[in-house]
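To start, the structure itself, in C-alpha cells.
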Amino acid sequence: MSTRILAGRYELLERIGDGGMAVVYKARCKLLNRFVAIKILKPDYIKDVKFIENFRKESQAAASLSHPNIVGVYDVGREGSINYIVMELIEGKVLSDVIREEAPIDYMRAIEITKQLASALSLAHKNQIIHRDVKPLNILIAQDGTPKITDFGIAKAVNAVTLIGAEGTIMGSVHYFSPEQARGAYVDERSDIYSLGIVLYEMLTGRVPFDGDNPVNVALMHVNDEMVPPSKLAEGIPPRLEQIVMKATDKLQVNRFKSADEMLEALNNLEFVTSIVGDAAVGGIRRQVIAPQAQDRQADSGEDGKEDGGEKETGEKEATGKMGKKDKKGKPKVKFNKLKLLAVVLALLCGVPASILLASFIAGGGAEEVQEILVPYVVGLSYDRAKEELNDLGLDIQVGDEVISSEYEEGKVVSQDPQFETSVKEGMIVTVNISKGTRAGTVPKITGIPYEDALFMIQKYGFQAGPKVTRKDSAPKGIVISQTPEAGEEAKPGTTINYVVSEGKAEEETMMPALVGKDMEEAKEELEKAGLKLGEPEFEKSEEHEKDIVMWQQYPAGNALAKGATVKLKVSAGNEPEEPSEPVSVSLEINYSDFVDNQVFFLTVTVSDEDGARNLFTEQQRIKDNMGETVTFTGKGTGTVTVIIDGQAVIKRNVNFDTGEID
C-alpha cells in the first residue's frame with residue numbers, strides 16, 4: 001500500500017483487519033517510535049454526526065481504562081473525513097479464529113480465558129463503562145495466551161437495535177445479544193455478563209446457542225427460546241461449570257451474576273476445587289494437546305499404534321497401569337505425588353465427601369509414564385508453590401529476571417516460558433520471572449483487598465491515605481473497590497491516595513410486573529407485592545381502554561429494579577365527549593446561540609394541550625450558523641411547549657391556546 005501519514009505522526013504500514021464498521025492497519029508512531037494498530041471507521045458511518053460524537057466520547061472514556069486484558073487506547077482523532085482510534089498492537093489471533101480451529105476448548109483453558117475477561121469487564125463496569133458488544137471477534141488472544149478485549153468505543157456508539165449490516169448480512173453481535181438488548185430495553189453490566197457467558201458456551205462447545213439466517217429471529221431466540229445446556233453438545237464439562245454458564249446467560253437480569261466480580265469468584269472457586277480433588281471428581285475431562293513430535297511418532301508407527309515389529313504402546317501402558325514404571329525385577333514401582341497427598345489431607349480436613357476423594361485419588365493418584373507434558377499456569381504463584389507444581393509434573397524450574405510489577409506482589413511469578421499448556425518433554429526447564437514489587441514512587445494496587453490492608457500498603461510505599469469513602473457494591477463489605485491514582489502510576493512520596501470501600505451488597509432487587517391492561521387498584525397491589533411504589537399516575541383520554549385501566553408503565557415487565565423504587569403509570573381517563581373548540585395558532589422563536597455549543601445539533605419540539613402530548617418534530621438535525629427559527633403550532637385550552645436540544649430541555653413555556661399567549 002502507498003504510505004499515508006495520519007496526524008503527522010502515524011505511518012500506515014499494512015492492512016491487518018477488516019470488520020463491519022472499521023478497517024484496521026498496522027502503523028508506526030514516528031513520535032514514540034513504536035508499532036500501533038489504527039482502526040479507521042468505514043465511510044458508511046462518517047455521515048452520521050451523532051454516531052461520530054458518541055464514538056469519540058466512548059473511545060476517550062475507554063482510553064482511561066488500564067488493564068492487562070483490555071487493549072490499550074492511545075489516541076482518538078480525525079483528519080479530514082477519516083475518524084480513527086490508535087490502539088495497542090496485539091500480535092496473535094482473534095478468539096473467533098481460535099474457537100474455529102480448536103473448539104471444543106479444554107474447559108480449564110476456557111475458564112482461564114473467561115476469568116481474565118471478567119476481570120477486564122469488572123474494571124470497565126466500575127468506571128461506568130458497559131461494553132455492549134462482548135463477542136469473540138472483539139477478543140484478541142496474544143501470543144502468550146493473554147486475552148484482551150477491544151472496541152469499547154465502537155460498541156457504545158452503535159445503536160443496540162442494529163442487527164443488519166450495510167450489505168444486509170447478519171452482524172456477529174446478534175449471536176451474543178442479551179435478551180434486554182434484543183428487546184431494546186435497559187442495558188447494564190449484566191448484559192455484558194450474558195454475552196461473556198455466550199462466549200464461554202462457544203469455547204466449550206464450538207457453537208453458539210442460537211443461530212439462524214435471519215438476525216431478527218436469532219434475537220428473538222435469545223428472548224424466548226431455552227438454551228441447550230453445553231454438556232448436551234460436548235463431553236467432559238463439569239456440572240458446576242455448566243451451572244455458571246447457565247446462570248450467566250439467564251434470560252432475566254436479576255437471576256444472573258450481579259457483577260463480573262461475582263462471576264469471577266465462581267470460576268475461581270471451581271478452579272480451586274478442581275486443583276484439589278481433580279478433574280474426574282468434578283465431572284470434567286481435560287482435552288490433552290498432542291505435541292507435533294508425538295503426532296509424527298504416531299504416524300510413523302502405523303494406524304494400529306505398533307512400532308516396527310514391536311507391540312502396541314497402549315499395551316505397554318496397560319501393563320504398567322497407574323502404578324508407574326517397573327523396576328529391574330519387573331515389579332511396579334509406586335511413585336507418590338506430593339500434591340495429591342496434600343489434596344488428600346486438605347480434603348479430609350475440609351470435609352470433602354469420601355466418594356469425591358476416592359474418585360479423585362483413583363483418577364489421578366498414580367504416576368503414569370507420559371512422554372509429553374502440558375506446562376501448567378504458574379503466573380501469580382509464589383516461587384516455592386510454582387516449583388512444587390512443576391516438579392510434581394516432572395518439570396524443572398529456574399529464575400529468569402527479577403522485574404518491577406504493580407500487578408503481582410514481591411516474590412510472585414510474573415511470567416513464564418514455555419507458556420501455559422505448551423506440550424514439552426519430561427525434565428524440561430520452565431523459566432519464570434519473579435516480581436520484586438514496585439519501585440519507589442509507584443502507586444501500589446490496593447483494590448480488591450481489605451481496607452486495613454490497603455492502609456498498610458499505602459503507608460508502606462510512602463504515600464498518604466485519603467479520607468475513607470464508602471458506597472454500596474457487590475464486593476464484600478470492607479473491600480477497596482477503586483483507587484486514585486491508579487495502580488502502577490508514578491507519584492511523589494507523600495501523595496494522597498484516595499479510595500472507595502464497599503459497604504456490602506447494593507440495594508435488594510426485584511422484578512417489574514406486567515401492569516398494562518390491569519385495573520388501577522390491581523396494578524397498585526401488584527407493585528406493592530413486588531416491593532415497588534406507585535408514583536403520581538397520569539390520566540389520559542383513550543378510545544381503546546376503559547376508564548382506570550393502565551395503558552403504559554415506566555419500566556418494561558421483567559426489568560430488574562431496586563426495591564422501593566417509584567414507578568410511573570399512564571391510566572385511561574375514559575372517552576367522554578367534549579365540545580370541540582377551534583384551534584389557535586401560537587408561534588415561538590428559538591435563538592440557537594442562546595443554547596447551543598456544537599456546530600451540529602439535534603432539535604425536538606414537544607407540545608401538550610387538552611388532547612395530550614405530541615412532537616412537532618423529533619431529533620431533526622440543525623446547524624448553529626443558521627442562527628435560529630420560529631415554530632408555529634396549534635392546540636386546545638391550556639398546555640405547554642418544550643424545546644429539546646441534544647436530549648436536554650432548554651425551553652419550557654406555558655401556553656394559553658384560547659388567547660395565543662405564552663408565559
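Here, each number is a calculation from the coordinates, and none is a lab measurement. Here the structure is a predicted model, which means the values were calculated and not measured. Cβ placement follows ideal geometry from the backbone for every residue including glycine, while neighbour counts extend to all protein chains displayed.
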Using a ≥ b ≥ c from the Cα gyration tensor of the stretch 416-488 (square roots of the eigenvalues), is it rounded, prolate or oblate, where a/c under 1.5 gives rounded and otherwise the larger of a/b and b/c decides, a/b for prolate?
prolate
Between Thr638 and residues 5 or more places away or on another chain, which pairs have amide H atoms under 5 Å apart, with H built 1.01 Å from N, and which residues are they?
Glu610, Phe657
Segment Ile82-Thr484, extension gain: residue separation times 0.36 nm, minus the distance between their alpha carbons:
141.3 nm
Give the shape of the stretch 447-564 as rounded, prolate or oblate, defined through the alpha-carbon gyration tensor: a ≥ b ≥ c are the square roots of its eigenvalues, a/c under 1.5 means rounded, and otherwise the shape is prolate if a/b is larger than b/c and oblate if not.
prolate
Using label points projected 7 Å from each Cα along Cα→Cβ, tell me how many nm separate Val403 and Glu521, to one decimal.
7.2
Here, Glu536 and Arg385, labelled 7 Å along Cα→Cβ, have an inter-label distance in nm of 5.9
Specify which residue in the list Leu532, Phe602, Ala573 is farthest towards the positive end of the charge dipole of the stretch 494-603, using unit charges on the beta carbon of Lys, Arg (+1) and Asp, Glu (-1), about the Cα centre.
Leu532
Hypothetical label at Ala573: residues of the stretch 637-663 whose amide nitrogen lies under 17 Å (7 Å Cα-Cβ projection)
637-641, 655-658
Given axes a ≥ b ≥ c from the Cα gyration tensor, I'd like to know whether the stretch 216-260 is rounded (a/c under 1.5), prolate (a/b larger than b/c) or oblate.
oblate
Descending Cα extents along the principal axes, the stretch 545-663, whole Å
47, 44, 21
Report the extension gain between Asp625 and Phe456 in nm, rounded to one decimal, defined as 0.36 nm multiplied by the number of residues separating them, less their alpha carbon distance.
55.1 nm
Point-to-point label distance, Met246-Asp597, nm (Cα→Cβ direction, 7 Å offset):
5.1
Rounded to whole angstrom, the alpha-carbon centroid of the stretch 214-235 lies from that of the stretch 424-462 at a distance of 42
Averaging 1/r across every pair of distinct alpha carbons in the stretch 500-567 and inverting yields a Kirkwood hydrodynamic radius, in angstrom, of 13.2
The extension gain from Arg614 to Lys636, computed as 0.36 nm times the residue separation minus the Cα-Cα distance, is 6.6 nm
Residues with beta-carbon under 13 Å from that of Lys148, excluding Lys148: net charge, scoring Lys, Arg +1 and Asp, Glu -1?
-3
Förster radius 60 Å - calculated FRET efficiency between Lys436 and Asn224, Cβ distance, rounded to 0.05
0.60
For a quick protection proxy, order the peptides 449-455, 30-36 by their average other-Cβ count within 10 Å, most packed first.
449-455, 30-36
Name all residues of the stretch 106-150 having a backbone nitrogen under 17 Å from the label point set 7 Å from the Cα of Ile16 along its Cα→Cβ direction, giving them as ranges.
137-150
